[in-house]
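The values are calculated or read from the model by the stated rules, or taken from the named source; none is laboratory data. As the structure is a computational prediction, the values presented were derived from the model and not from experiment. Ideal geometry is used to build each Cβ from the backbone, glycine not excepted, and the neighbour counts take in all protein chains shown. For the accessible areas, the whole protein counts, side chains as well, though only heavy atoms, and no ligand, DNA or RNA atoms are used. Shrake-Rupley method; radii C 1.70, N 1.55, O 1.52, S 1.80 Å.
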Amino acid sequence: MLIVQKYGGTSVGDLDKIQNVADKVSKTKNANNSVVVVVSAMSGETNKLISYAHHFSKNPQKREFDLLVSSGERVTASLLAIALGQMGHKTVALTGRQAGIYTDDVHTSARINKIDRTKIESHLSENKIVIVAGFQGITSSGDISTLGRGGSDLTAVAIAGAIEANLCEIYTDVDGIYTTDPRIEPKARKIEKISYEEMLELASLGAKVLQNRSVELAKKLNINLVTRNSFNNNEGTLITKEDNIMEKPLVSGIALDKDQARVTLRGVKDEPGIAAKIFTTLSDKNINVDMIIQNIGHDGTTNLGFTVVQKDISKTKKIIKKLHPSEVMEFDDKIVKVSVVGVGMKSHSGVASQAFSALSNKKINIQMISTSEIKISMVISQKWGEKAVKALHKAYKLDK
Ligand code: ASP
Ligand code: MG
């Protein structure tokens, strides 16, 4: 098989851990596989480099910033190659440029335009283990670019796509994706298989495991992703297309988003174009609006409610004041959003009512509801967040 393995910062966090990775890679190679390994920087390293830059400037030149922060991955790639060489393997460590990863010119959050697969493939054909420094590429002007935080996942998925690997394994320090946050519900179980769409909706559960952009890319390129723990041999979670999942669970997971705030506008003129004006202005200013509720109008006015992420509250306030100085505007940041996600909802009714009953049994008031084909989201008071997660987890028997 042709396998891409990516090891995150905690998996290569010190020299012993790099040896542990070398042992795992060696085993994979010895089992008659071709292996490309993508590595992150040692944990904490990227943050350290960023803080060094900020020591001198709040706003460092982006080109130089990329050159700086890309170095963390080069350290681990080289060290892993040296460790594997010592074990008798033929290896080659590559930077993004050497691996043929071409990006656009947007420093610090570049997009991969193309991967020249011949570079990696020629090394593989010489029976080498190819080790690629994650998170980086080269711009059209030959400068080093980086792919945004967590970008090594993206490197791995993009390479897996380019060389048509059979499998892309993402190694971290947890066993996989769980039905909910185990710190909230200790009965949370590891999910065996999950679709790309569900994973994207459950982003907050996977946040420390997988960069969201890499899941989007895996979906686009149809790459089977497996997240696994580099410190044990447990099975991990397969992220794949829905058709590959035979027994579709009704609900796959429960996510809790604590980062939302609710905005209510009272006395909004009930006429065509008002919502368009408000939400176009907000989106032009890069404010992501999530749930929206508009009531049926009364006496020519209506109420409009929506949620934004907390850091956008003051920006939102300013924008709305400018647009509609006369309206009554309320903000509540003591709310959370709980979401129930599952592809099985598409073909089953009653999933939503089960969620509402589970919360009402716990006397939890639901302030806003929104649904999509595979998700039900509810805004509730912050103080009930964890209780709601537990109640929903139990209601859908996710602990069984
Ligand atoms: N080292 C980079 C970061 O910390 C990229 C990565 O680890 O994926 O964001
Ligand atoms: Mg990561």
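Count Lys and Arg as plus one, Asp and Glu as minus one, and take only other residues whose Cβ is under 11 Å from that of Lys397; the net charge is then +3.
Here the Kirkwood formula, the inverse mean of 1/r across different C-alpha pairs, assigns the range 141-192 a hydrodynamic radius of 13.9 Å. Backbone geometry of the range 367-373 corresponds, through the Karplus equation with coefficients 6.51, -1.76 and 1.60 at θ = phi - 60°, to 3J(HN,Hα) couplings of 8, 9, 9, 9, 10, 10, 4 Hz, x marking Gly and Pro. Reported to the nearest whole Å, the Cα centre-to-centre distance from the range 172-216 to the range 1-69 is 21. For the range 96-242, the carbon plus sulfur part of the accessible surface works out to 45%, probe radius 1.4 Å. Only one residue of Ala388, Ser349, Val39 has its Cα farthest out toward the positive end of the dipole of the chain, where Lys and Arg carry +1 and Asp and Glu -1 on Cβ, and that residue is Ala388. Pairwise inverse Cα distances across the range 18-124, averaged and inverted, put the Kirkwood hydrodynamic radius at 15.5 Å.
The loop-placed trypsin sites (Lys or Arg not before Pro) in the range 228-299, going by DSSP, that have at most 14 neighbouring Cβ atoms within 10 Å of their Cβ come out as Lys241, Lys258, Lys285. Based on Cα atoms of the chain, Rg over Rh with Rh as the Kirkwood radius reads 1.02.
The H on the amide N of Val226, modeled in the peptide plane, is under 5 Å from the matching H of Cys168, Glu169, Ile170, Ile239, each at least 5 residues off or on a different chain. Note: relative contact order over the chain, using C-alpha pairs below 8 Å and six or more positions apart, is 13 percent.
In the range 93-147, taking the dipole from charged Cβ atoms about the Cα centre, the farthest positive-side position among Ser125, Ser140, Ile115 is held by Ser125.
Computed with a 1.4 Å probe over protein heavy atoms only, the accessible surface of the range 1-124 comes to 50 Å² per residue. In the context of the full set of protein chains, residues of the range 276-396 present 53 Å² of accessible surface per residue (probe radius 1.4 Å, heavy atoms only). How large is the translational diffusion coefficient of the range 261-400 in µm² per second when you combine the Kirkwood radius over alpha carbon pairs with Stokes-Einstein at 25 °C and 0.890 mPa s? Roughly 149 µm²/s, to the nearest whole number.
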